[in-house]
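Scroll down for the structure; my scribbles are underneath it.
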Amino acid sequence: MLVNSANLDGLRVGFSTAFQGGLGQAPSQFSRISTIVRSTQKEQKYGWLGKVPNVREWIGPRAIQNLMQHDYAIKEKPFELTIGVDRDDIETDNLGIYTPLFTEMGRSAGAHKDMLTFSLLKAGFATECYDGQFFFDTDHPVLDEEGQEISVANTDGGSGTPWFLLDVSRAIKPLILQWRKDFEFVAKDRLTDDNVFNNREFIYGTDARMNAGFGFWQMAWGSKQALNATTYATARAALTGMKGDHGRPLALRHTHTMVPNNMEGAALKVLNNALTTGGETNEWVGTSELILNPWLATA
């Protein structure tokens, strides 16, 4: 192929089309459990976390609900993926391998939000959230009916593969995905670009600025116990029974159960089988939607 502006324009369009096709192939589950925040700055503060607004009887003056209760912030991170195409490959029409590479570039970029959010969820047993405790912990501070601080759990511990119960029915979800710049296709393929002039290499890449953080811990239950009817019932009762400050019920719903792929069988026994192993009616069948998530697999 003759290396000129017209042919390079055609290559750019083809590679970009493959990239966009890969974006469309990527699985996308992050929006199901994450509040999406479009940021305009490198670090976004979430002082309102920990204060769920609550309607009260209007007696006397209005009670302004102060949302600046915590100093929790999510700092964005830059991400990139770059592919170099050798000039010799263009001149000899040796381009067959590059189209699937650019498709995979798009798929990787499209899947990155899932990787960010679900990897963070798995790390929640050892990563702090807005109240200074691990996101999944046994001693989150909450005020009881008398205004005294008590400890509340959203995990029952264990040492096995983690699985999760979630309420994703609210505007605020268990996780936050914050992004300022989404992935887009960029080319450095002019004949006068330094990479072409010095290295005989045409460069194509994509980059973004984003990060994930924790939302309300009350809306998620994490367990490393074996998943069965007993542990499921314990987790479900704890999640739906969560209370906010001063003993106010949060009226949470258990909408989804999320497990890694290798726990699919155990989850299906609890959520899909009409009968238990002993032949009795399974009271938990159909009580939540199952999400299989490959990003939760243990290393």
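The values are calculated or read from the model by the stated rules, or taken from the named source; none is laboratory data. Since the model is a prediction, treat every value here as computed from it, not as a measurement. Backbone-built Cβ (ideal geometry, glycine too); neighbour counts: all protein chains shown. Just the protein is used for accessible areas: all its heavy atoms, side chains included, with ligands, DNA and RNA removed. Shrake-Rupley method; radii C 1.70, N 1.55, O 1.52, S 1.80 Å.
Against the list (1) hydrophobic (A, V, I, L, M, F, W, C); (2) touching a strand residue (DSSP E or B) at 6+ places or on another chain (Cβ under 8 Å); (3) more than 24 Å from D114 (Cβ to Cβ); (4) open to solvent by 60 Å² or more (accessible area, probe 1.4 Å), the condition V186 fails is (3). Within region 30-47, the set of residues being β-branched (V, I, T) and either crowded, with 19+ Cβ neighbours inside 10 Å or in a strand (DSSP E or B) (or both) comprises I33, T35, I36, V37. Any residue in region 143-153 that is closer than 29 Å to M263 by Cβ and in contact (Cβ under 8 Å) with a residue 24 or more places away in the chain? For region 143-153, residues closer than 29 Å to M263 by Cβ and in contact (Cβ under 8 Å) with a residue 24 or more places away in the chain: present.
Of the residues making up region 156-169, one or more are exposed (fewer than 15 other Cβ atoms within 10 Å of the Cβ), under 18 Å from the mean Cα position of the chain (by Cα) and either in a strand (DSSP E or B) or at pLDDT 90 or above (or both). Within region 191-201, does at least one residue satisfy the condition of being touching a residue at least 40 places away in the same chain (Cβ under 8 Å) and over 24 Å from F102 (Cα atoms)? No. Would you mind stating whether S151 is touching a Lys or Arg at 6+ places or on another chain (Cβ under 6 Å) and open to solvent by 50 Å² or more (accessible area, probe 1.4 Å)? Answer is no for this residue.
All conditions but one from (1) over 18 Å from R209 (Cα atoms); (2) under 28 Å from the mean Cα position of the chain (by Cα) apply to K42; the one that does not is (1). If you check F118, F136 for being touching a residue at least 60 places away in the same chain (Cβ under 8 Å) and either surrounded by fewer than 13 Cβ atoms within 10 Å (Cβ to Cβ) or assigned to a loop (DSSP other than H, G, I, E, B) (or both), only one passes: F136.
For region 85-101, state whether one or more residues are open to solvent by 70 Å² or more (accessible area, probe 1.4 Å), part of a strand (DSSP E or B) and in contact (Cβ under 8 Å) with a residue 60 or more places away in the chain. Checking region 85-101: not a single residue is open to solvent by 70 Å² or more (accessible area, probe 1.4 Å), part of a strand (DSSP E or B) and in contact (Cβ under 8 Å) with a residue 60 or more places away in the chain. Sort out which residues of region 18-29 are closer than 11 Å to M105 by Cα, open to solvent by less than 40 Å² (accessible area, probe 1.4 Å) and either of a type in the set (A, V, I, L, M) or not in a helix (DSSP H, G or I) (or both), and write them in order of number. Passing the criteria: A18, A26.
For region 5-26, filtered to residues that are within 31 Å of the chain's Cα centre (by Cα) and among the polar types (S, T, N, Q), the residue that is nearest to D89 (Cα to Cα) is S16. Of all residues in region 224-245, those that are more than 14 Å from N282 (Cβ to Cβ) and basic (K, R) have Cβ atoms under 6 Å from Cβ atoms of residues that are open to solvent by 70 Å² or more (accessible area, probe 1.4 Å) and not in a strand (DSSP E or B), 6 or more apart or on another chain, in K224/S159.
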